[in-house]
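*Asks:* This is the structure I have questions about; it appears just below.
The values are calculated or read from the model by the stated rules, or taken from the named source; none is laboratory data. Quantities reported herein were computed from a predicted structural model and do not represent experimental measurements. Cβ: placed from backbone, ideal geometry, glycine included. Neighbour counts: every protein chain shown. In case anyone asks, the SASA skips ligands and DNA or RNA and just uses the protein heavy atoms, side chains included. Shrake-Rupley method; radii C 1.70, N 1.55, O 1.52, S 1.80 Å.
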Amino acid sequence: MRTRRFGTALAGLLLGAGMVTAAVAPAQAAPTQSGAKTPVTQGYGGAVVSDTAESTQAGLDVLRRGGTAADAAVAVAATLGVTDPYVAGIGGGSYLVYYDARAHQVSTIDGRETAPGADGPSMFLDPATGQPLSLPTAVTSGLSVGVPGTLATWQRALQRWGRFGLAEDLRPAEQVAERGFVVDPTLRELTRQNAARFAQFASTAALLLPGGAPPAVGTTLRNPDLARTYREIGEHGISALYGGPIGTDLVNAVQRPPLAPGATLVARPGPMALSDLRDYRARDADPTQVTYRGLDVYGMAGSSSGGITDGEALDILGTVNLAAMTPVQALHHYLEATRIAFADRNRYLGDPRYVDVPQRQLLSASFGRQRACLIDPAKAGVSPVGPGDPFTGSRSCPPPSRAPVPVPDRDHHTNHFVVADGAGNVVSCTNTIEELGGSGIVVPGRGFLLNNELTDFNFAPTQGSAPDPNLPAAGKRPRSSMSPTIVLRDGRPFLAVGSPGGATIITTVLQILVNRIDLGMSLPDAIAAPRASQRNAATTQAEPAFIAASATRGLEALGHKFAISDTSPLDPTIKISPDIGAASGLEFLPTGPVLAAGEPTRRGGSSAAVVHPTR
Ligand code: GLU
């Protein structure tokens, strides 16, 4: 097996503009073996890119047995619930974008977590003070746990596009959970970052802090409870969780967080009831669609803000020719496009069942032109930029408005994976339990962590005198940034991409698209290139390699300011990686094979594999 290192990310950043079609010369590699990871490969018959070798292998095995992309996606996601437990699993939620090769159609499933029926607008206000709870208090609690949607997403995907049943697609994950997997440095490091709060819960410490400490690299971590849980779901169907015995245990953990003896945490309980689980549905939803440089870009509509915000930014960038610009100007326009699009996201986007989202207007080319007027090639915009008015249809350039207050947003981590099968069906799926380690609560006896997705709501109004579209409400889905994306060229798949990273997901997906489509990079280079994320803030979050790049001096001369983000949002004394995102993607090459590409180094690197590698 060969692993190809791509030219430094810095070189990628500085790649001259103007070359539109990338010369792609990826590595040729055998399918991933458990324990080893290859970030890039190419070939035929189907492909998988995910965070861990075991999850990629599980997907590949299902494809080899004749499963569809949907079957393989369930196998990948279920295995990630074992080997990537801090960012995925049946205690969380998912968004899945699917290209159906027979129908030539892109569809999506919204499996976002949902606020229990007893929650309301003041759920994150301290009853004693009326002030918003601190983030750490809100996160590590039963209160933050939304009704999980991942398992319902799997079921819905299999109903619509699967060949096998849930039991069969869960089996590879069940086996990994039963026999265990080898702890790598990434898992140990993420455990270290969360060890103090994991130690507060008896069930979490028992699973994830064997012997009272993060497991050593090279040791085997088994999760027989999760193996049993998967088996029970396979035998009895998803109702085992959505109203059955697994659900009862889940609700008990939310209502009475299972504190360890001697725990110092006061974990606020949540009001979730078994009926909330019974009532949960993954929703079929139309994708967002914009045309960019002649390509059709499909993404996730509400309850995620990903597809609309990326779509608006692409509409803004579609008004200029990035390929003809200097690298500094191309990056300046990229940063300004998301500065502006985030102002509109924050003002208008929320769960469309609760908020009148002007999706059509925000994604109209005329609104993109109107917002593009705000970009001054000679200087960086001043944040917070105010939202535009998508209802006016104005052809002129409106004067810039100012937002009342900057909206805090965060850059936590989930995972993204992509799958294609031999028939040409494609999955782009992001799944999450929100914070790394979610709420910190493992459901006793069940082997999975519960999400803290409800902290994606705004705790208090952020939009001044205008309504805030992302306040909590009973049954509402918190606004997400997850942006699983599929790009078609002439009606056929061209790219499938996505990333974790909280609100940085939106900018990471956009940056990869711009790198690939406009700046002449191959997909692996587009993923590896250093990242910067401007989200309508005075300072742009950036990776150290981006800040070190010479083009960045040019951006600073225009007034851009950059800073890394490398401390935990839950405890500023805990250092975390300054990396932004951990992307994965597929490119369907005109010559026939599929190029499967992930991260060479971020979050320990991705695992890419194809059914029949090109030799
Ligand atoms: N909670 C985040 C969102 O829905 C996703 C998790 C992450 O990547 O941080 O936007």
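*Asks:* Residue under question is Thr540, and the condition is that it be among the hydroxyl-bearing types (Ser, Thr, Tyr) and open to solvent by less than 30 Å² (accessible area, probe 1.4 Å); does it hold?
*Replies:* Answer is yes for this residue.
*Asks:* For region 423-466, enumerate the residues that are closer than 21 Å to Val176 by Cβ, near the ligand (Cβ under 10 Å from one of its atoms) and open to solvent by 10 Å² or more (accessible area, probe 1.4 Å).
*Replies:* Selection gives Leu436 alone.
*Asks:* Within region 302-335, work out how many residues are in a loop (DSSP other than H, G, I, E, B), in contact (Cβ under 8 Å) with a residue 40 or more places away in the chain and surrounded by fewer than 24 Cβ atoms within 10 Å (Cβ to Cβ).
*Replies:* Qualifying residue count, region 302-335: 5.
*Asks:* Okay, next question. If you take the residues in region 283-308 that are away from the ligand (no atom under 16 Å from the Cβ) and among the hydrophobic types (A, V, I, L, M, F, W, C), which one is farthest from Glu113 (Cα to Cα)?
*Replies:* Checking each candidate, the answer is Leu295.
*Asks:* Oh, and also: Of all residues being more than 28 Å from the chain's Cα centre (by Cα) and more than 13 Å from Leu335 (Cβ to Cβ) in region 370-381, which is modelled with the highest pLDDT? Just the residue, please.
*Replies:* The selected residue is Ala378.
*Asks:* Would you confirm whether or not region 274-295 contains a residue that is farther than 30 Å from Ile506 by Cα and of a type in the set (Ser, Thr, Tyr)?
*Replies:* Looking through region 274-295, at least one residue is farther than 30 Å from Ile506 by Cα and of a type in the set (Ser, Thr, Tyr).
*Asks:* Right, another one. Tell me the residue from Arg156, Arg188 that is over 20 Å from Ser568 (Cα atoms), in contact (Cβ under 8 Å) with a residue 24 or more places away in the chain, open to solvent by 10 Å² or more (accessible area, probe 1.4 Å) and of a type in the set (Lys, Arg), please.
*Replies:* Arg156
*Asks:* Being more than 10 Å from the ligand (Cβ to nearest atom), closer than 30 Å to Tyr44 by Cα and out of contact with any Pro (no Cβ under 6 Å at 6 or more places or on another chain), is that true of even one residue in region 470-485?
*Replies:* yes
*Asks:* Still on this structure, please answer the following. Which members of region 93-112 meet the condition of being without any contact (Cβ under 8 Å) to a residue 24 or more places away in the chain and open to solvent by less than 10 Å² (accessible area, probe 1.4 Å)?
*Replies:* None; the set is empty.
*Asks:* Now, a different point. Within region 568-585, is even one residue modelled with pLDDT of 90 or more, surrounded by fewer than 21 Cβ atoms within 10 Å (Cβ to Cβ) and of a type in the set (A, V, I, L, M)?
*Replies:* no
*Asks:* Within the set of pairs 6 or more residues apart or between chains, which connect a residue that is part of a helix (DSSP H, G or I) inside region 205-218 to a residue that is surrounded by 13 or more Cβ atoms within 10 Å (Cβ to Cβ) with Cβ atoms less than 7 Å apart?
*Replies:* Ala205/Phe198; Ala205/Ala199; Ala205/Ala260; Leu207/Asn223; Leu207/Val442; Leu207/Gly447; Leu208/Thr191; Leu208/Phe198
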